[in-house]
Each structure stands twice: as C-alpha cells, then as structure tokens.
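Just so it is clear, none of the values below were taken in a lab; they were calculated from the coordinates. Given the structure is predicted, the values throughout are model-derived calculations rather than measurements. FYI the Cβ positions are ideal-geometry reconstructions off the backbone, even for glycines, and counts take in every protein chain you see.
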Amino acid sequence: MYAGLSSPIHRWDPRLKVISIFALIFSIMLLYDLKLVIISMLFAIILVYISRIPFSFVVGRLKWVFLFLMPFLVILPFTIIGEGVEIAHFSSITLNFRGMESVEFAVMIVIKALTSVMLIFPMIGTSRMDVTIKALEGLHLPNKLVQMFAFTYRYIFVLSNEFMLMERSLTSRGFRRGSNLYTITTLSKAIATLFVMSYEQAERVFYAMRSKGYTGKITTMHEFTLRPQDWLYTVVVCGFAIFVQVAVWYGTLEGT
C-alpha cells in the first residue's frame, strides 16, 4: 500500500533489507533486559518514521496484536514458575505472584512482540510484494516456499472477495449474524464451500500456468543493484542488533 512512497528505506536493496531487519527481529526476541527492549522499540519507531509509513496505519494494525497479547500481560505475572507468593492453586496450575519482577517480565514479552511486528512494516511494506518475493528468491530460499508466499499473497484477496460476495448473497436472502447455533452453522457451511471453491480454482490456475510455460521462477522487470548506501543501512541496522547482544553479554559479565 505504501510501496510507492520515497524514503531511504524504500530505496534500500530489498535483499539486504530483509536480511538486516530479520536479524534485528531475531536479536530483539533474544533479549531479556527490559531497558534494552525499550531501546529496541525506540529504534523500531525511528525506522518506521524514516520509512514514512503513517503511524496511524501502523498503530491501527498493532492494536489487534496488543489485544491478542493482553491475556499474557494479565496471566504471566501469576503463572511464572519460581519463588514467590502463592495466591491460589487449581489442580496442576499454581498462581504464584513474584512481585514487580514478574510484571516487568510480562511487559517485556509484550513490548518485544509489538516491536517485532512493528519492524515488519518497514521490512515488507516499503517494497512491492513481487519485488520482495523476488528478493527472497535472490536470497536462495527454497523455491517451493517462495512460490507459496507468492500464491498466498495473490489469492488471499481473491478468497476474501469471494467470501464477501457469499456473505452479501446470504444477507440478501435474509441472513443476519447473531450469537446462535444457526449463525455458526450457516457461516461454517459458507467457509466449507469456500474451501471447495478454492481447491477447484487452484487446479484451474495450475493448469493455466502450466499451459503458459510457468517454470516456478519469479520474473519481474525489477533488477537489483547494490549501492554504497545499501551497505550503510545494513551496517547500521545489523550493528544495532549486535550492539544490544553485546550489551547483554557485557551486563552478564558485570553481574558475575
């Protein structure tokens, strides 16, 4: 949606961009220091700002991730194994509150997850999907995996549109959603029909592509050219990923 904008992240070579930001996400997920996690989140916010992707768009998607993480924020402080004050015991589940240490751990998990999702936007939202898929192929990912990404992206919108048409058809016949068994049964049948339609359409697409000589290679008019700026951006992002790990290692040595 925002691949047409112009920013240093947009001009960054997609191959190096995917590798660098994925390495940063992996580095952040390995962190277990709240301060470093917060610093990493600020770095991610800076990358989103440089990419010029509207924060309203990013926040609108992150709110669903936060809603998914909220139960962990509430449950984790009372279920972490270790010494603490036992509040309640249900069968094999023990509610064990460990004070602010457990709260900080839960907050750290939530921030790491939000930061990782946030970094996906400058990673794949600043290039056309066909260019990103070609970049994955250029990184020598398994060809079947690359094709799966390509077809999933292409046909997820087709299937979504088909389901919208089916729902509109049901509505025109008097169907109204509700919290009852009839709604669940009707939507289940609609989804089952959609799966059958998708299977039949997949066969038609397969034979059509074979008849046109498709060999499994992603072909686009975009050609990759590495520039000094691309390596500079890679050094900055990967350097930050290494920096936070060195900070953890140095802090561990200081603790001993």
Q: Grab the beta carbon distance between THR215 and SER6, set R0 = 45 Å, and tell me the FRET efficiency rounded to 0.05.
A: 0.85
Q. Of the chain, which part is the longest with no GluC sites (Glu not before Pro) in a loop (DSSP not H, G, I, E, B) and with at most 11 other C-beta atoms within 10 angstrom?
A. 84-222
**Q.** Hz values of 3J(HN,Hα) by residue in the range 125-139 - Karplus curve (6.51, -1.76, 1.60), Gly and Pro given as x
**A.** x, 10, 9, 4, 5, 5, 5, 4, 5, 5, 5, 4, 5, x, 7
**Q.** In order through the range 16-21: 3J(HN,Hα) via Karplus (6.51 cos²θ - 1.76 cosθ + 1.60), integer Hz, x for Gly, Pro
**A.** 5, 5, 5, 4, 5, 6
Q: Take the cross-link list LYS144/LYS217; LYS17/LYS144; LYS17/LYS217; LYS35/LYS112 and give me the ones stretching past 18 Å between alpha-carbons.
A: LYS17/LYS144; LYS17/LYS217
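What fraction, in whole percent, of alpha-carbon pairs in the chain exceed 31 Å separation? If you can, show how the numbers build up before the last one.
Details: 15491 of 32640 pairs.
Every Cα pair in the chain considered, those over 31 Å come to 47 percent.
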Q) If each of LYS63 and TYR207 carries a label point 7 Å out from its Cα toward its Cβ, how far apart are those two points in nm? A) 4.7
(Q) Using a 7 Å offset from the Cα along the Cα-to-Cβ direction at both LEU159 and VAL103, what is the distance between the two label points in nm, to one decimal? (A) 4.3
Q. R0 = 30 Å: FRET efficiency of THR183 with GLN147, Cβ-based, nearest 0.05?
A. 0.25
Q. Which peptide among 107-120, 47-60 comes first, and what is the full order, when sorted by highest mean count of other Cβ atoms within 10 Å?
A. 107-120, 47-60
Q. So for the pair TYR250, SER56, with labels modelled 7 Å out along Cα→Cβ, what separation do we get in nm?
A. 4.1
(Q) I'd like the Karplus ³J(HN,Hα) series for the range 203-211: coefficients 6.51, -1.76, 1.60, θ = phi - 60°, whole numbers in Hz, and an x wherever there's a Gly or Pro. (A) 5, 5, 5, 4, 5, 5, 6, 5, 5
Q | Estimated 222 nm signal from helices in the chain, with DSSP H stretches of n ≥ 4 weighted -39500 (n - 2.57), rounded to 500 | A | -25500 deg cm²/dmol
(Q) If R₀ is 25 angstrom, what is the calculated FRET efficiency for the pair VAL236 and ARG128, using the beta carbon separation as r and rounding to 0.05? (A) 0.60
